[in-house]
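Everything below concerns the one structure shown next.
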Protein chains: 2
Amino acid sequence: MINRRRFVGSLAYGVCTAASSRAAAPRIDGGIIRSQIEALSVFGRLPGGTFQDGVSRVGYSDADIAGRKYVMDLMRRAGASVRIDAAGNIFASRSGSDPSLKPVLFGSHIDSVPNGGNFDGDLGSLSAVAILQLLHDLNTTTRRPLTAVVWACEEASFSGVALNGSRLAAGKAAPGELAVVSRGMAKAEAIRRIGGDPDHVERALIPKDSYHAYVELHIEQGGTLERDGVAAGVVDGIVSIDDYNVVVTGFANHAGTTPMAQRQDALVAASMLTLAVREIVTAEPGAQVGTVGHIDVSPNATNVIPGEVRMTVELRDLSSAKIARLGERVRARGAAIATETRTKIEMKLAGHNESAGAAPEVQLVIESAASRLGLATKHLPSGAGHDAQMMATLMPMGMIFVPSVAGISHSPKELTHWQDCTNGANVLLETVLELASK
Amino acid sequence: MINRRRFVGSLAYGVCTAASSRAAAPRIDGGIIRSQIEALSVFGRLPGGTFQDGVSRVGYSDADIAGRKYVMDLMRRAGASVRIDAAGNIFASRSGSDPSLKPVLFGSHIDSVPNGGNFDGDLGSLSAVAILQLLHDLNTTTRRPLTAVVWACEEASFSGVALNGSRLAAGKAAPGELAVVSRGMAKAEAIRRIGGDPDHVERALIPKDSYHAYVELHIEQGGTLERDGVAAGVVDGIVSIDDYNVVVTGFANHAGTTPMAQRQDALVAASMLTLAVREIVTAEPGAQVGTVGHIDVSPNATNVIPGEVRMTVELRDLSSAKIARLGERVRARGAAIATETRTKIEMKLAGHNESAGAAPEVQLVIESAASRLGLATKHLPSGAGHDAQMMATLMPMGMIFVPSVAGISHSPKELTHWQDCTNGANVLLETVLELASK
């Protein structure tokens, strides 16, 4: 059992004039984080609902636009210079004492999945803005410039594609992506709605190494930190994802007249494959996961033997080589199942997301920041995708995780205790100040 | 291997004046059966399609009405007295030499499933009409009166409920059934479209034992007869069906951030249950079958662990006691799977169709009829529902099956070789003549 010491947020800011002399270190007030997360939660709240009913602040929606305005007002109140880039990302900049140095970039997103929670993205975004406010209140100037960022539409709520703003900023747009229509509008129109400039989206490109580093605070969305009683997770990297589409072809026939031995039941084969995925993924040590999340049966009638099943197999791990190997095992098992059940099983790689490693030097800064705050840390991979993985292609990247109660996310039940939110904000603060001081 | 002797349809009808003196027995010409099945197949054929593209002659549709007119014209041409009952069933009657005796009833249906085949129902209906035509051509009178019947909407194509005409004739209408709307019309309106009288549907009731017996010729829709090389199946009875609705409740969570050991994956549990159904059903000898045909996963997203699965389990066997016992085994296994996977599994009986036994005396008549034609026979249950099961509640019932190629039915690929159709028609003829002679 790891001893978990919780840092208690202080209302009394230390007096300091420069971040490099942090004898009495400044601290973010937990009350501010809480009140701002609660204030943001009303944009996209269910009519008549409460904070506990979660939020539907889907990217590019009216609720998203209202939430963005709330955050931009906070940024301006903190004295920052605010701009929206061509992809709709919001940047709030604060000068440093040495304008020749590259700025430190930090932030997250504020859009949610439909029927999501109030911590995913919001905590990291509002903590970033709180840092600007704190330094403004203290009249403190860091050595490097600081830039807080709120990425546009991080969730896969527009045409099923995630990391919309950060991906465009990293130059990873798919061909024709801006013409794709979802929820009744083209993505170009969606970006224009939030203040972007889709006709010149290339202007959103962040040149490689134009920032000193990128740091993102986020809720874990898994149950590891809570289970281990650790306040701060130091992310090693963001996992690689292989998405497979599988088609199982059997033969649809009368469920009453076809003897069991003569069946070519596509759902029986698909069930075997679903269990095989779990067995193969758990057969070796490690944090790899495998999921069959989507399954469509045809004709899907009570009294007809399933003739076809379309399903997905998703594999994730920090190691691309490991999930490629596991995928081949699933494929081999699929071939054996096809023979056994007299079905055909086709498995095609539909998508591959490369893993994104966190920079070791940024991980060290996060660790020492948590240590100064008396917080236990644990290294872990991120099983979820984050804007940080796009930034990792452009600059040194680091991520801080805080515990999610019961590992629940993308749900109104998503919860991170306020103390853990405060701790996370202060680890981010300490990390940013340290990075900005060098 | 059973020796299968095929009877070759004769064009030369034997000369006879009464069915009781069948020294040179009359025979139905295979060419007539084929030409009439082909003629009927145009009603509901795909535009531009051929016979091999199957048929969509859904009950109560315009195609059904056109097909019914074709069949009624054939009946009238055969000299029969034709009437439509209040439920829309078509009866074609022919007098017997002894009007004090109860008539023999025989027939089937001509409606199809959407995208179905040209043999299911059509063979039995057109063979029944061909018997009337043959006796008319021969100027032969049987001792008992004969009634050929074409039941209305046998398939479950209107609001998912099957045996619509025969069920109303057997007095098994569900409360409010005629008000149920499907395909944009109430069932009462649908019945009126085809010439029925829904305001007095009770007039369709067939009094118990008002007929001597009911005989139905039908394609097997399974692969047993073809596999065993048997021309004529003698149906022991129509199976009992238990339909269960199962709800598996897990917990939907992020597929990337939730470690394998912490998952409550409803689809993993459902897959185990699907395989358990097959294992339990095949663990003991017998013709029982079990099918998971329908499955809906929620939220059914690639990157979310399935939180809920709704699925069906259907069990069929001649013995209601056996499927009740198998259902309890599935339930017990479900409880164990729920514990193992930390999910909840609820299983509710949603429907029970009682089995319908064929009358032993009618089975004997069918056997000896096939034997006189030199055709091998095999006793088998019907795994599918048929209008005959409704008649079994009113009178002695028998069914004749002929082989389905590869056991395929409810598909454009449904096929019974013309020789097997002719054999079936002649077994029906012999059976009806024998029953009508006593």
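The values are calculated or read from the model by the stated rules, or taken from the named source; none is laboratory data. These numbers were taken from a predicted model, which means no experiment stands behind them. No Cβ is skipped: glycine too gets one built from the backbone with ideal geometry, and neighbour counts run over all protein chains shown. When the accessible area is computed, the model is the full protein with side chains, heavy atoms only, and any ligands, DNA or RNA have been set aside. Shrake-Rupley method; radii C 1.70, N 1.55, O 1.52, S 1.80 Å.
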- [ ] Provide the buried accessible surface between chains B and A in square angstrom, both chains summed, 1.4 Å probe, rounded to the nearest 100.
- [x] 4400
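Per-residue Cβ counts within 10 Å, from other chains only, averaged over B:270-282: what number is that? List each step's numbers first, then the result.
On the way: counts 4, 13, 3, 1, 9, 6, 1, 2, 7, 0, 0, 1, 3.
So the per-residue partner count for this stretch is 4.
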TODO: Using DSSP to define loop residues, name the GluC sites (Glu not before Pro) in segment A:306-387 whose beta-carbon has at most 15 other beta-carbon atoms within 10 Å.
DONE: A:Glu354
Task: Rg(Cα)/(2.2 N^0.38 Å) for the protein assembly as shown, N = residue count - done: 1.25
Task: Over 30 Å between alpha carbons, listed pairs A:Lys344/B:Lys322; A:Lys172/A:Lys322; B:Lys208/B:Lys348; B:Lys172/B:Lys322; A:Lys187/A:Lys438; A:Lys102/A:Lys413 - done: A:Lys344/B:Lys322; B:Lys208/B:Lys348; A:Lys187/A:Lys438; A:Lys102/A:Lys413
Open item on the list: With the label 7 angstrom out along Cα to Cβ, how close does A:Arg310 come to the same site in each of the other copies, in nm, nearest first?
Closed with: 2.1
Open item on the list: Projecting each Cα onto the charge dipole of the protein assembly as shown (Lys/Arg +1, Asp/Glu -1 at the beta carbon, about the Cα centre), which of B:Val427, B:Val281, B:Met395 comes out farthest on the positive side?
Closed with: B:Val281
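Can you say what percent of the DSSP beta bridges in the protein assembly as shown, counting only those with both residues inside, are antiparallel? Round to 5. Before the final figure, lay out the partial values.
Values: 91 of 133 bridges.
In the protein assembly as shown, DSSP labels about 70 percent of beta bridges as antiparallel.
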Task: Sulfur and carbon atoms: percent of accessible area, the protein assembly as shown [1.4 Å] - done: 54
Task: Cα-centred dipole magnitude for chain B, charges only on beta-carbon of K, R (+1) and D, E (-1), debye, nearest 20 - done: 380
Task: Integer Hz, Karplus 6.51/-1.76/1.60 couplings in order for segment B:179-195, x for Gly and Pro - done: 8, 5, 9, 8, 6, x, 9, 6, 4, 4, 5, 4, 5, 5, 3, 9, x
TODO: Would you kindly work out, in nm and rounded to one decimal, the distances from the label point of A:His200 to those of the same position in each other copy, ordered shortest first, with label points 7 Å along Cα-to-Cβ?
DONE: 8.3
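Give, as a single signed number, the net charge of other residues whose beta carbon lies under 13 Å from the beta carbon of A:Arg34, with Lys and Arg counted +1 and Asp and Glu -1. All intermediate terms of the calculation are to be shown ahead of the outcome.
Details: positive: none; negative: A:Asp29, A:Glu38, A:Asp122, A:Asp420.
That works out to -4.
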Task: ³J(HN,Hα), Karplus 6.51/-1.76/1.60, whole Hz, each residue of segment B:92-105, x for Gly, Pro - done: 10, 10, 9, 5, x, 6, 10, x, 7, 8, 6, x, 9, 10
Task: For the A-to-B rotation axis, chain A residue with nearest beta carbon and its distance in angstrom - done: A:Ser271, 2
Task: Cα centroid separation - segment A:239-262 against segment B:325-375, whole Å - done: 23
Open item on the list: What does the structure give for B:222-230 when I average, per residue, the other chain Cβ atoms found within 10 Å of the residue Cβ?
Closed with: 2
Task: Note, ³J(HN,Hα) from phi for segment A:142-155, Karplus 6.51, -1.76, 1.60, rounded to Hz, x at Gly and Pro - done: 7, 5, 7, x, 10, 9, 8, 10, 10, 6, 7, 6, 6, 6
- [ ] Name the residues of segment B:249-267, by number, that are at least 50 Å² less accessible with every protein chain in place than in the isolated chain; the surface is that of heavy atoms, probe 1.4 Å, without ligands or nucleic acids.
- [x] B:Phe251, B:Asn253, B:His254, B:Gly256, B:Thr257, B:Met260, B:Gln262, B:Leu267
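Considering only chain A, what is the antiparallel percent among its DSSP beta bridges, to the nearest 5?
Numbers: 45 of 66 bridges.
That works out to approximately 70 percent antiparallel.
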Task: Test item: Cα-centred dipole of segment A:240-353, Lys/Arg +1 and Asp/Glu -1 on Cβ, debye - done: 180
Task: Other-chain or far-sequence residues with amide H under 5 Å of B:Gly357's (modelled H) - done: B:Ile238
Task: Average accessible area per residue (Å²) across segment A:97-147 - probe 1.4 Å, nucleic acids and ligands excluded - done: 26
TODO: Compute the label-point distances linking A:Ala321 to its equivalents in the other copies; points lie 7 Å from Cα along Cα→Cβ; give nm, one decimal, shortest first.
DONE: 6.4
